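The numbers here are math on the coordinates, done by the rules we state, and not lab data. Just so you know, these numbers come straight off a predicted model, no measurement behind them. Positions of Cβ are generated from backbone atoms using ideal geometry, with glycine treated the same way; all protein chains shown enter the neighbour counts.
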Ligand SMILES: [Zn+2]
């Protein structure tokens, strides 16, 4: 039991993302001065930041005075200044023989076009794709390949709908993750965190319903409503009251620890035919999450520990959907046998 909890704790770190609002990099006075000067004058060293200067806005264009357009320019000005000052400061530090430091909770990544963390963004998109294909193949399996109940023409597998919701929530979470790694602003950060919390919360409900074999509607509602209420409150709290990274970390840790322990123990107790896949995903995920703990700076400006963790979840996601499909097959064949 303790082993499971321990693995759960490590695994959860994967979803905990960045925990500090201030980092050594942005506490540095040279960097701060550079950003301040850049935002007022539109210059970071020798680089001109077009969004910070008014000259580039053509006189008389109708959108120049639109409040949304002004806001968009300000956002870009801030982001570009931070980026160019960070790169300038990092170059100076490198020449002094100093190691890279984090800025605003993130390592100094090299940009590609608009992509702030190109590798993490691309890998998030790849995770999305693996979830999408996994979900589609699961959909085909339960609706077309496996026998349907003769009276209702619906799948035998009792958790069909729950895994559909899980698939959609996963796709949503990875979508916002790729957007957040592309452009880190207040809105994308909130959408990314909220989607991750929603996914973890639902995954917790699903793990409990499956491992405790809860099949009738009333018991399902009884078990899931307190969790649903808590997760909703937590998301509202983060978005509209206090975006508390530390508190969010604790909540996510707890949710993940419970579900991983449930899956691990259940796989062993029921001697589930696909338990090795299940264990592989759980233990593999825990080991991959060690990357998040060792959190090293980006290699060649691109591949940091977080990006590698996103790479590791790709094969694990593939195996996870394979486990889900196995579970649907075994349950269906059991139920068909019983019906005969
Ligand atoms: Zn990420």
Requested in this report: Specify, per residue and in Å³, the volume enclosed by the convex hull of the alpha carbon atoms belonging to the range 110-210.
Outcome: 97
Report task. Determine, for 272, 181, the number of other Cβ atoms within 10 Å of each Cβ, and report the residues in order from fewest to most. Result -> 272, 181
Report summary line: PRE zone check, label point 7 Å out along Cα-to-Cβ of residue 72, amide N under 16 Å, scope the range 90-129, hits 114
Report summary line: Against the 2.2 N^0.38 Å rule of thumb, the C-alpha Rg of the range 29-143 sits at a ratio of 1.50
Query raised in the report: Of the peptides 302-315, 229-242, how do they stack up when ordered by the mean number of other Cβ atoms within 10 Å, highest first?
Result: 302-315, 229-242
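Full-extension gain between residue 337 and residue 290, please, as 0.36 nm times their residue separation minus the C-alpha to C-alpha distance. Please list the in-between numbers first.
On the way: separation 47, 0.36 × 47 = 16.92 nm, distance 4.34 nm.
My answer for the length gained is 12.6 nm.
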Query raised in the report: Using only helices, what value at 222 nm comes out for the chain when you add -39,500 (n - 2.57) per DSSP H run of length 4 or more and divide by the total residues, to the nearest 500 deg cm²/dmol?
Result: -24000 deg cm²/dmol
Query raised in the report: Spin-label point model (7 Å from Cα, Cβ direction): what's the residue 29 to residue 240 distance in nm?
Result: 4.3
**Report entry** Segment residue 212-residue 322, extension gain: residue separation times 0.36 nm, minus the distance between their alpha carbons
**Finding:** 37.5 nm
Report task. Can you tell me the relative contact order of the range 52-138? Whole percent, Cα pairs under 8 Å, sequence separation 6 or more. Result -> 12
Report task. Quick one: give the max-minus-min coordinate of the C-alpha atoms of the range 201-308 along each principal axis, largest first, in Å. Result -> 53, 42, 17
Query raised in the report: Along the Cα-to-C-beta direction of residue 99, a point sits 7 Å from the Cα; which residues of the range 274-306 have their amide N less than 11 Å from that point?
Result: 295-297
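Normalised radius of gyration for the range 71-136, please: alpha carbon Rg relative to 2.2 N^0.38 Å, two decimal places. Let's see the in-between values first.
Working: Rg = 16.0 Å, N = 66, 2.2 N^0.38 = 10.8 Å.
Ratio of Rg to 2.2 N^0.38 Å for the range 71-136: 1.48.
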**Report entry** Bins of 10 Å, starting at 0 and running to the largest distance - Cα pair percent for the range 24-95
**Finding:** 21, 46, 23, 9, 2
Report summary line: Once both label points are put 7 Å beyond Cα along the C-beta direction, the residue 111-residue 187 separation in nm becomes 1.8
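Given 25 °C and 0.890 mPa s, compute D for the range 265-308 with the Stokes-Einstein relation, Rh being the Kirkwood radius over Cα pairs; round to the nearest whole µm²/s.
Details: Rh = 12.2 Å.
This corresponds to a translational diffusion coefficient of 202 µm²/s.
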Query raised in the report: Mind checking the alpha-carbon convex hull of the chain and giving the volume per residue in Å³?
Result: 167
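What FRET efficiency comes out for residue 249 versus residue 283 if R0 is 22 angstrom and r is the Cβ-Cβ distance? Round to the nearest 0.05. Write down the numbers at each step before the final one.
Working: r = 22 Å, r/R0 = 1.00.
Here the calculated transfer efficiency is 0.50.
Given the Cα-Cα distance of residue 62 and residue 265 and 0.36 nm per residue of separation, how much length would full extension add, in nm?
On the way: separation 203, 0.36 × 203 = 73.08 nm, distance 6.34 nm.
This chain segment gains 66.7 nm when fully extended.
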